[in-house]
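Student: Provided herewith is a single structure, encoded as structure tokens, for subsequent inquiry.
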Amino acid sequence: MIDDILLRKLASKAYSDQWTRLINSVDASHFQIHPSMVFVPEDVTDVINICQYAYGKEIPLTPRGGGTGLLGQALTQGIVVDISKHLNRIIEIEESYAVVELGVVKAVLDKELKKKGKFLPPDPSSSNFCTIGGMIANDYVEELDVAHSDGSISTIGSSTQPDHRCASLLPIVLTKLGLIAASYPDTSKNSSGFRLDTLVRNGSYFPQRVFAGVEGTLGIITKAKLRTVDIPHFEILPVCEFLDMISLLQSVMKILSFHPSAVGGFGRLSSEMVQYREKGLTDFPTVYAEFCG
């Protein structure tokens, strides 16, 4: 009976027509998977209801934002939950943090933060399209509101009392700290899988960090409190050209030792970038190293 009641509540926000399923069967990856239905929640209550419905029917849910993922993260044969249409409010901007819903486009948030001289450091090339939900980063997540698979809601953060799920995770992690530290790669960026290596730092527990990189597999994040930083006053972008790719690759560690804010590069100018020859660039392998402060 509860499934029938929920289904009536959800009907006006659920779409199973061919066109809607088609446009949600692709993202920025090479894959195509047709969902059984696309659900467009208008508020958190809708998210709770769809979680309860799917839980009762054992149907997988996959949250979707801007669809800019390169690995098919937003694709499913189950139900796509499109948070970009309505769950896109900027709720609060303070001196050191912002509280947002996860459907907010990164560039929209940046525009508002700039008014206060702030920004959210992750800066993907898809900022004009990607939503905050797809780019949650460990170092800047302070608190999350999460809808779990059964429809229950919890607020997760280092300054809040953890619910039974997060509380049960801590003793497991504490007994495996050595194994975790030895198993994770020493990289400056890692958005692959469950970030167990970031949960305990200097004796403090940061349960919200486990949700970074899990691509909606642990729940649907409905709201996030994110730490912001000051916009740098100065920026410089050295352009380093090399005779060959071997020389370029051998230089990367030396460049990183100067702590650039970003590093990018490519082997040869693509056909789309030939225009830049007119600006003095060649088609040699090139590294761009951004410094700011």
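Student: Across the Cα atoms of the range 12-131, what radius of gyration and what greatest pairwise Cα-Cα distance (Dmax) are found, in Å?
Tutor: Rg, Dmax (Cα atoms, Å): 15.6, 47.
Student: Full extension from VAL214 to ASP230: what is 0.36 nm times the residue separation minus their Cα-Cα distance, to one decimal in nm? Each step should come with its number before you reach the end.
Tutor: Numbers: separation 16, 0.36 × 16 = 5.76 nm, distance 2.80 nm.
Extra length available between VAL214 and ASP230 comes to 3.0 nm.
Student: Counting only protein heavy atoms and a 1.4 Å probe, tell me what percentage of the range 1-122's accessible area is made up of carbon and sulfur.
Tutor: Numbers: 3500 of 6540 Å².
Carbon and sulfur atoms account for 54 percent of the accessible area of the range 1-122.
Student: Let me know the Rg and Dmax you get for the range 35-99 when you use only its Cα atoms, in Å.
Tutor: Calculated on Cα positions, Rg and Dmax stand at 13.8, 44 Å.
Student: How many nm separate the modelled label positions at THR155 and ILE90, each set 7 Å beyond the Cα in the direction of the Cβ?
Tutor: Computed distance between label sites THR155 and ILE90 equals 2.2 nm.
Student: Past 26 Å, Cα to Cα, is the threshold; run LYS115/LYS254; LYS9/LYS225; LYS114/LYS223 against it and keep the listed order.
Tutor: Those over the limit are LYS115/LYS254; LYS9/LYS225.
Student: Additional query: Quote to one decimal, in nm, the extra length available between LEU179 and ASP123 on full extension: 0.36 nm per residue of separation minus the C-alpha distance between them.
Tutor: Working: separation 56, 0.36 × 56 = 20.16 nm, distance 3.15 nm.
Going from the current span to full extension adds 17.0 nm.
Student: Please report the antiparallel percentage of DSSP beta bridges with both residues in the range 1-97, rounded to the nearest 5. Spell out each step's value before the answer.
Tutor: Details: 2 of 9 bridges.
If I count the DSSP bridges inside the range 1-97, around 20 percent turn out antiparallel.
Student: What does the convex hull of the alpha-carbon atoms of the range 184-236 project to on average, in nm²?
Tutor: Working: hull surface 23.6 nm².
Quarter of the Cα hull surface area: 5.9 nm².
Student: Filter the trypsin sites (Lys or Arg not before Pro) in the range 119-224 down to the DSSP loop ones having no more than 14 other Cβ atoms within 10 Å, then list what survives. List each step's numbers first, then the result.
Tutor: Values: sites: ARG165, LYS176, LYS189, ARG195, ARG201, ARG209, LYS223; in loops: LYS176, LYS189, ARG195.
In loop regions of the range 119-224 (DSSP not H, G, I, E or B), the sparsely surrounded trypsin sites (Lys or Arg not before Pro) are LYS176, LYS189.
Student: Something else now. Say we join alpha carbon atoms closer than 10 Å with springs in a Gaussian network model of the chain; which of GLY56, GLY103, GLY69 then has the biggest fluctuation?
Tutor: GLY56
Student: Taking the full set of protein chains and a 1.4 angstrom probe, give the accessible area of LEU174 in square angstrom, rounded to the nearest 10.
Tutor: Looks like 90 Å² after rounding.
Student: Name the residues whose placed amide hydrogens come within less than 5 Å of the amide hydrogen of PHE266, ignoring near sequence neighbours (fewer than 5 apart) on the same chain.
Tutor: THR286
Student: I've got another one for you. Any idea what log10 I(q)/I(0) is at q = 0.22, 0.24, 0.25, 0.28 Å⁻¹ for the range 98-138, Debye with uniform C-alpha scatterers and no solvent?
Tutor: -0.65, -0.78, -0.85, -1.06
Student: Based on the Cα gyration tensor of the chain, what are the three equivalent ellipsoid semi-axes, each the root of five times an eigenvalue, rounded to whole Å and given largest first? Intermediate results must be reported in sequence, preceding the final value.
Tutor: Numbers: eigenvalues 265, 124, 74 Å².
They are 36, 25, 19 Å, listed from largest to smallest.
Student: Then there is this: Roughly what would the spin-label model give for HIS148 and ASN202, points 7 Å off Cα along C-beta, in nm?
Tutor: In this crude spin-label approximation the distance works out to 3.0 nm.
Student: Are there chymotrypsin sites (Phe, Trp or Tyr not before Pro) in the range 1-97 that DSSP marks as loop and that have at most 15 other Cβ atoms within 10 Å, and which are they?
Tutor: On the way: sites: TYR15, TRP19, PHE31, PHE39, TYR53, TYR55, TYR97; in loops: PHE31.
Loop-located and lightly packed - PHE31.
Student: Shifting gears a bit: Label-point separation (nm) for HIS164 and LEU249, each offset 7 Å from Cα along Cα-to-Cβ?
Tutor: Roughly 5.2 nm, to one decimal.
Student: In degrees from 0 to 90, rounded to the nearest 10, what is the angle of the helix 164-174 Cα long axis to the longest principal axis of the chain?
Tutor: 40 degrees
Student: Express the relative contact order of the range 136-204 as a whole percentage, based on alpha carbon pairs under 8 Å and six or more residues apart in sequence. Walk me through the numbers before you get to the answer.
Tutor: Working: 33 pairs, mean separation 14.5, N = 69.
Averaging sequence separation for qualifying contacts and normalising by length gives 21 percent for the range 136-204.
The values are calculated or read from the model by the stated rules, or taken from the named source; none is laboratory data. Since this is a predicted model, take the numbers as computed values, not measurements. Counting neighbours? That spans all protein chains shown, and the Cβs are built from the backbone with ideal geometry, glycine included. The protein model used for the area step is the full one, side chains on, heavy atoms only, and it has no ligands, DNA or RNA in it. Shrake-Rupley method; radii C 1.70, N 1.55, O 1.52, S 1.80 Å.
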